[in-house]
Amino acid sequence: MTRTLALVCGLMITVPGLAGEPAVRVRPADLQGSRPLEKQTETSVVRDYLQSWRSLQEALDQNQAAKLDRDFIGTAREKLGSTIESQGRSGIHTLYTDRSHDLQVVFYSAEGLSIQMIDNVEYEEKVMSKDTVLATRVVHGRFIVVMSPSETRWQVRVFQAGSN
């Protein structure tokens, strides 16, 4: 099924197609002295970033760091891979369900090789041991994200929790 980004109610963007998809709001870019951001580039970055969340969810649920390889590189891949290995050694896995993303692009490099976004996200986290829920919480977090283009998609290079 093809998913398209649709502009709804001004600045609200949703990814239709499957039940349970997170609400996504993309604020107007607030670029500080960098190159202009084309709409097509912004749409691609948002699409690929949301896909990276799906890859992250699968990797953490299945304790398979290799599931990150398509969407994460560099520091982000290393840190997330380490987290997955650690939770696997502990005999747990984590279920993440992202509920909403409030995104804003704040930097686009002059050469077009990196984009920085702020994501104010809400997600549910369940820590599991086999099929037993050990803990559940709803998290309102802020992530600083840097993405770089590859041959076919944008990949997350930095994925760092920030303060609200």
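Which condition number does Ser150 fail, the rest of (1) over 21 Å from Arg35 (Cβ atoms); (2) surrounded by fewer than 17 Cβ atoms within 10 Å (Cβ to Cβ) being met?
(1)
What number goes with the only condition from (1) in contact (Cβ under 8 Å) with a residue 12 or more places away in the chain; (2) over 12 Å from the mean Cα position of the chain (by Cα) that Val133 does not pass?
For Val133, the failing item is (1).
With the condition kept exactly as written, say whether any residue in region 50-57 is assigned to a strand (DSSP E or B), modelled with pLDDT of 95 or more and within 17 Å of the chain's Cα centre (by Cα).
No, there is no match, as no residue in region 50-57 is assigned to a strand (DSSP E or B), modelled with pLDDT of 95 or more and within 17 Å of the chain's Cα centre (by Cα).
Quick grid of which residues meet (1) more than 22 Å from Pro28 (Cα to Cα); (2) buried (at least 17 other Cβ atoms within 10 Å of the Cβ):
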position: Trp53; (1), (2): no, yes
position: Asp61; (1), (2): yes, no
position: Gln64; (1), (2): yes, no
position: Leu80; (1), (2): yes, yes
position: Gln87; (1), (2): yes, no
position: Val105; (1), (2): no, yes
position: Ile115; (1), (2): no, yes
position: Asn120; (1), (2): no, yes
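Looking only at strands (runs of 3 or more DSSP E) that fall completely inside region 77-161, which ones have 2 or more residues that are modelled with pLDDT of 95 or more and touching a His at 6+ places or on another chain (Cβ under 7 Å)?
Per the criteria, 115-129.
Enumerate the pairs (first residue in region 54-67 and over 15 Å from Val127 (Cβ atoms); second residue anywhere and surrounded by fewer than 19 Cβ atoms within 10 Å (Cβ to Cβ) and of a type in the set (Lys, Arg)) with beta-carbon separation below 8 Å, excluding pairs fewer than 6 apart on the same chain, so at least 6 apart or on different chains.
Ser55/Arg70
Taking Arg157 as the residue in question, decide whether it is in contact with a strand residue (DSSP E or B) (Cβ under 8 Å, 6 or more places away or on another chain) and buried (at least 16 other Cβ atoms within 10 Å of the Cβ).
For Arg157, the condition - in contact with a strand residue (DSSP E or B) (Cβ under 8 Å, 6 or more places away or on another chain) and buried (at least 16 other Cβ atoms within 10 Å of the Cβ) - is met.
Do we find that Arg142 is in contact (Cβ under 8 Å) with a residue 40 or more places away in the chain, surrounded by 11 or more Cβ atoms within 10 Å (Cβ to Cβ) and under 19 Å from Trp53 (Cβ atoms) in this structure?
Against the criterion (in contact (Cβ under 8 Å) with a residue 40 or more places away in the chain, surrounded by 11 or more Cβ atoms within 10 Å (Cβ to Cβ) and under 19 Å from Trp53 (Cβ atoms)), Arg142 does not qualify.
Please go through region 76-124 and pick out each residue that is over 30 Å from Gln40 (Cβ atoms) and acidic (Asp, Glu).
If the condition is that a residue be over 30 Å from Gln40 (Cβ atoms) and acidic (Asp, Glu), then Glu78, Glu85, Glu124 are the ones that fit.
Check Leu68, Leu31, Leu37 and return the single one that is in contact with a helix residue (DSSP H, G or I) (Cβ under 9 Å, 6 or more places away or on another chain) and modelled with pLDDT under 95.
Leu37
Looking at Val158, Val146, which is the one that is of a type outside the set (Gly, Ala, Ser) and under 13 Å from Val46 (Cα atoms)?
Only one candidate qualifies: Val146.
Do any residues in region 152-164 that are under 12 Å from Met117 (Cα atoms) have Cβ atoms under 8 Å from those of residues that are assigned to a loop (DSSP other than H, G, I, E, B) and among the small types (Gly, Ala, Ser), where the two are at least six apart or on different chains, and which pairs are they?
Arg157/Ser114
The values are calculated or read from the model by the stated rules, or taken from the named source; none is laboratory data. Just so we're clear, the structure is a prediction, and the values are computed from it rather than from any experiment. Positions of Cβ are backbone-derived with ideal geometry, glycine not excepted, and every protein chain shown enters the neighbour counts.
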